[in-house]
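These notes concern the structure reproduced below.
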């Protein structure tokens, strides 16, 4: 009887592990689908009156990349970045960057929206995976970035107040939002403005 109970317990544990693995795979697939849906939803919400949203790649060309890295004082992690460009006819309505920056242990997914001049109009935290520090999602923290551009100060504890208990995540958001702003300024320097994405 004891042997039968042990065998059932092992089978149950194995089944639970298998179901857990399958559930994790489905969870990852669901996360990817939600992320894509979130991107589309946020773009359509932000640029609801625009007739078109396209994108341009930034940071892939070596001279542009070097200039961006000099401005940031850090190397870019990706080979290039997508900057969404919302237009109505020949007029640019705004820009958006969806990116991620490492917090203390986990990535923080975020979106930064800009007006046609490259000024931050909105910051959203899309996915926060750390066990604490969730307060960076709050309006009070995020609105500190509004009105800034790539040349503005983005230093935590100086020009941006950090969230108590989320100092590292606050600093990470400063790095990420500044990178997004510098990427948009690089796109503007190419002359992507009145003519739309090139």
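The values are calculated or read from the model by the stated rules, or taken from the named source; none is laboratory data. None of these values were measured; they are calculated from a predicted model. With ideal geometry, Cβ positions are generated from the backbone for all residues, glycine too; neighbour counts draw on all protein chains shown.
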Original post:
Here are 175, 192, 162: which of them is farther than 17 Å from residue 85 by Cα and either assigned to a loop (DSSP other than H, G, I, E, B) or over 13 Å from the mean Cα position of the chain (by Cα) (or both)?
Top reply: 162
Original post:
Do you know which of the residues in segment 133-148 that are surrounded by fewer than 17 Cβ atoms within 10 Å (Cβ to Cβ) and not in a helix (DSSP H, G or I) is farthest from the chain's Cα centre (by Cα)?
Top reply: 147
Original post:
In this structure, is residue 155 more than 16 Å from the chain's Cα centre (by Cα), surrounded by fewer than 18 Cβ atoms within 10 Å (Cβ to Cβ), without any contact (Cβ under 8 Å) to a residue 12 or more places away in the chain and in the same structural domain as residue 67 (by TED's automatic domain parsing)?
Top reply: no
Subject >> Of all residues making up segment 163-180, the number that are closer than 16 Å to residue 139 by Cα and crowded, with 21+ Cβ neighbours inside 10 Å >> reply: 6
Original post:
Here are some residues: 183, 126, 188. Which one is surrounded by 17 or more Cβ atoms within 10 Å (Cβ to Cβ) and out of contact with any strand residue (DSSP E or B) (no Cβ under 8 Å at 6 or more places or on another chain)?
Top reply: 188
Subject >> Among the residues listed as 66, 44, 62, the single one being without any contact (Cβ under 8 Å) to a residue 40 or more places away in the chain and under 15 Å from residue 185 (Cβ atoms) >> reply: 66
Original post:
Out of all the residues in segment 99-117, which are over 21 Å from residue 191 (Cα atoms) and assigned to a strand (DSSP E or B)?
Top reply: 99, 100, 101, 102, 107, 108, 109, 110, 111
